[in-house]
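Presented below is the structure to which this report refers.
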Amino acid sequence: MPTELHVALQQHYAGEQGAIEALVEGYRADVLRDGIVYEIQTGSFGAIREKLRRLLRKHPVVLGYPVPERKLIVYVDGAGRQLAARRSPKQGAATDIFEQLLHLHDLPRHRHLSLEIVFTHERELRRRDGLGSWRRHGVSLIGRELVGL
């Protein structure tokens, strides 16, 4: 299930001419535009390693990875109403992609693969429901929304 952030980035990459969720080589490509496959990965690169290998056999691929340059953390209730908000002290950097590159092994050297770091301004929605990570003291992550690029 794509997140709001993922859908917004698909629309950004597709522009006026691109096809979103296009079928390519038996996979659903996030965007297909001008013969180029655009994949947006908001999670681990390991999850799409095999998909990339197969697509790269016949197509140039641009792998977009959003890094939140600015993030507003918003706490919402069960109905989605905002309860509180604060700015995250963390700022994204280009080096944030290095940990993910370990999951791709030899693919970063592939001549048809391009990596794009997409610096974003985001809203991260959280809910205090006791079901989330122990590191966040039970606060659940509900979603990420794109505010700007």
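None of the figures in this text is laboratory data; all of them are computed from the coordinates on show. This structure is a prediction, so every number in the text was calculated from the model and none was measured. Positions of Cβ are backbone-derived with ideal geometry, glycine not excepted, and every protein chain shown enters the neighbour counts.
List the aspartates and glutamates whose Cα lies under 13 Å from the Cα of residue 90, skipping any in the same chain that are fewer than 8 positions away.
List returned: 69, 122, 124.
Once the Cα gyration tensor of the chain is found, what semi-axes does its equivalent ellipsoid get, as square roots of 5 times the eigenvalues, in whole Å, sorted largest first?
The equivalent ellipsoid of the chain has semi-axes of 30, 17, 14 Å.
Does segment 7-71 classify as rounded, prolate or oblate by the C-alpha gyration tensor (a ≥ b ≥ c root eigenvalues; a/c under 1.5 gives rounded; else a/b over b/c gives prolate, otherwise oblate)?
oblate
What is the ratio of the Cα radius of gyration of segment 46-113 to 2.2 N^0.38 Å, with N the residue count, to two decimals?
1.60
Under 11 Å from a point placed 7 Å out from the Cα of residue 103 along the Cα-to-Cβ direction: which residues of segment 114-149 have their backbone N that close?
none
What is the pair-distance distribution P(r) of segment 1-40, computed from all Cα-Cα distances in 10 Å bins starting at 0, with each bin given as a whole percent?
Going from the shortest bin to the longest, the percentages are 36, 55, 9.
Just check segment 105-149 against the gyration tensor rule for me: Cα atoms, a ≥ b ≥ c as the square roots of the eigenvalues, rounded for a/c under 1.5, and otherwise prolate or oblate depending on whether a/b exceeds b/c.
oblate
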